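Take a look at the structure below.
The values are calculated or read from the model by the stated rules, or taken from the named source; none is laboratory data. Since the structure is predicted, the reported quantities are computational estimates derived from the model, not experimental observations. With ideal geometry, Cβ positions are generated from the backbone for all residues, glycine too; neighbour counts draw on all protein chains shown.
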Amino acid sequence: MIQVGSPAFIGKEREYVLDCIDRVSISGGRYVEWFEDSFAEFCGSKHAIACCNGTAALHLALIGLDVQPGDRVLMPVLTYIATANAVRYCGAEPVFCDVDPDTWCIDPSAAGRQLELARREGKRISGIIPVHLYGVPCDMDALQNLAERYDCWIVEDAAEAHGATYRGMKTGTMSEVGTFSFFGNKIITTGEGGMVVTDDDGIAARVRLMRGQGVDPERRYYHRVVGYNYRLTDLQAAVGLAQLETFEEHARARKDLGKEYRKRLLLNFQMQAVTIGACSAEWVTTIVFKKSVEKERVVSELNVLGIETRPFFYPVNQMPPYKSKESFPVAENLSRLGLILPSHYRITLEQVEEICAVVNG
Ligand SMILES: *Cc1c(COP(=O)(O)O)cnc(C)c1O
């Protein structure tokens, strides 16, 4: 079976993991600190705080910004469920908006309309979570303008966009807080894992506090607040550090693969456009069909050949916890017609040929 996503260990993963075992340090420890320090340097951010997954990273970011029950948070309707769930964990409510028909990331004009509507109705939106979907950075200039005009914070969900840039800045560093996931299908992975990045000392301190059960930094086993156990283990950080050391090669592999797909795919599919001024991480290669029967044909023919594909996300407001009657035509169309092709380090040129032959029909 050729999988859609799969990790690759091309660095010192084995050595570092064995080192943890030899030194009998498998919970918190030095690799967590090294991984955090290296990730902060990689992003160019002042703080990087590792945690157990990307969803926890989002939750911690929102806690760091003091999101309260009843707060309303704007996000694209086309995203992974985690973005919305993290808001609900705080007792806050997600407000959805449609995505851009070309980049498939949050549409700044749709976002502006939601913010204006909320202001008029006196139902203030306190923050925005742009999602750099499939590795493509959002239009951050437009979003920052909105954030200023409507007095909102921004948390970038950069789970799928490690190392992508917008006007030379790394995703995750263009707002109050950025979050990353290191799940097994992401560009670099720790199996399960996440990271919060910020330049704000206060947010960083609060995130660290709440990651570790809210224990008083000065007084062992003394807790002033209800925190969470959202820690990453040293074993995971050991893998993460080795992955980060080989980041350039992982990133290049994704970009080369995207190029090879684009060379071979016919022009009768829509492909994701990159935001002006941005450089995509090209996490996955995606195509959008003109008709759903075409998509179904490709999915089943590839499946027979043992080649896995993955559909796009459902618009979040179509699922029971977030059900609403609002209509988001762009996201609905993409969700119905979009398909993710196998995109990982070990996909060979022969496999790209085979996949494109089926897709092109
Ligand atoms: C992967 C992902 C997350 C976080 O996922 P975890 O599985 O909790 O690490 C959040 N947002 C998006 C857009 C993602 O793709």
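Applying the set (1) in contact (Cβ under 8 Å) with a residue 60 or more places away in the chain; (2) of a type in the set (V, I, T); (3) crowded, with 24+ Cβ neighbours inside 10 Å to I128 leaves exactly one unmet item: (1). Report whether or not H223 is buried (at least 17 other Cβ atoms within 10 Å of the Cβ), farther than 16 Å from A61 by Cα and away from the ligand (no atom under 15 Å from the Cβ). No. Can you spot a residue in segment 311-323 that is in contact with a Gly (Cβ under 9 Å, 6 or more places away or on another chain), surrounded by fewer than 19 Cβ atoms within 10 Å (Cβ to Cβ) and modelled with pLDDT of 95 or more? Yes, segment 311-323 contains at least one residue that is in contact with a Gly (Cβ under 9 Å, 6 or more places away or on another chain), surrounded by fewer than 19 Cβ atoms within 10 Å (Cβ to Cβ) and modelled with pLDDT of 95 or more.
Y134 falls short on exactly one of the conditions (1) within 11 Å of the ligand (Cβ to nearest atom); (2) part of a loop (DSSP other than H, G, I, E, B); (3) not polar (S, T, N, Q), and that condition is (2).
For segment 12-24, the criterion of being charged (D, E, K, R), surrounded by 15 or more Cβ atoms within 10 Å (Cβ to Cβ) and assigned to a loop (DSSP other than H, G, I, E, B) is met by at least one residue. Restricting to segment 302-361, count the residues that are under 15 Å from R262 (Cα atoms), β-branched (V, I, T) and not in a helix (DSSP H, G or I). So the answer is 3.
Scanning segment 167-202 for residues that are away from the ligand (no atom under 16 Å from the Cβ) and buried (at least 24 other Cβ atoms within 10 Å of the Cβ) yields a total of 1.
Annotation: Y230 fulfils all but one of (1) without any contact (Cβ under 8 Å) to a residue 24 or more places away in the chain; (2) among the hydroxyl-bearing types (S, T, Y); (3) closer than 29 Å to D22 by Cβ; the unmet one is (1). Elements of the type strands (runs of 3 or more DSSP E) sitting completely within segment 45-109 and holding at least 1 residues that are acidic (D, E) and either without any contact (Cβ under 8 Å) to a residue 24 or more places away in the chain or within 27 Å of G28 (Cβ to Cβ) (or both): these cover 93-97.
Answer yes or no as to whether D256 is touching a helix residue (DSSP H, G or I) at 6+ places or on another chain (Cβ under 9 Å), farther than 20 Å from V67 by Cα, without any contact (Cβ under 8 Å) to a residue 12 or more places away in the chain and away from the ligand (no atom under 16 Å from the Cβ). So D256 does not fit the description; no. Mind checking whether some residue in segment 50-57 is within 29 Å of L337 (Cβ to Cβ), crowded, with 17+ Cβ neighbours inside 10 Å and among the small types (G, A, S)? Yes: one or more hits. Within segment 75-99, the set of residues being more than 16 Å from the ligand (Cβ to nearest atom) and either of a type outside the set (A, V, I, L, M, F, W, C) or under 24 Å from A281 (Cα atoms) (or both) comprises G91, E93, D98. Elements of the type strands (runs of 3 or more DSSP E) sitting completely within segment 152-262 and holding at least 2 residues that are touching a Lys or Arg at 6+ places or on another chain (Cβ under 9 Å): these cover 177-181, 194-198. Annotation note: of T55, T83, T79, the sole residue that is over 24 Å from Q213 (Cα atoms), of a type in the set (S, T, Y) and modelled with pLDDT of 95 or more is T79.
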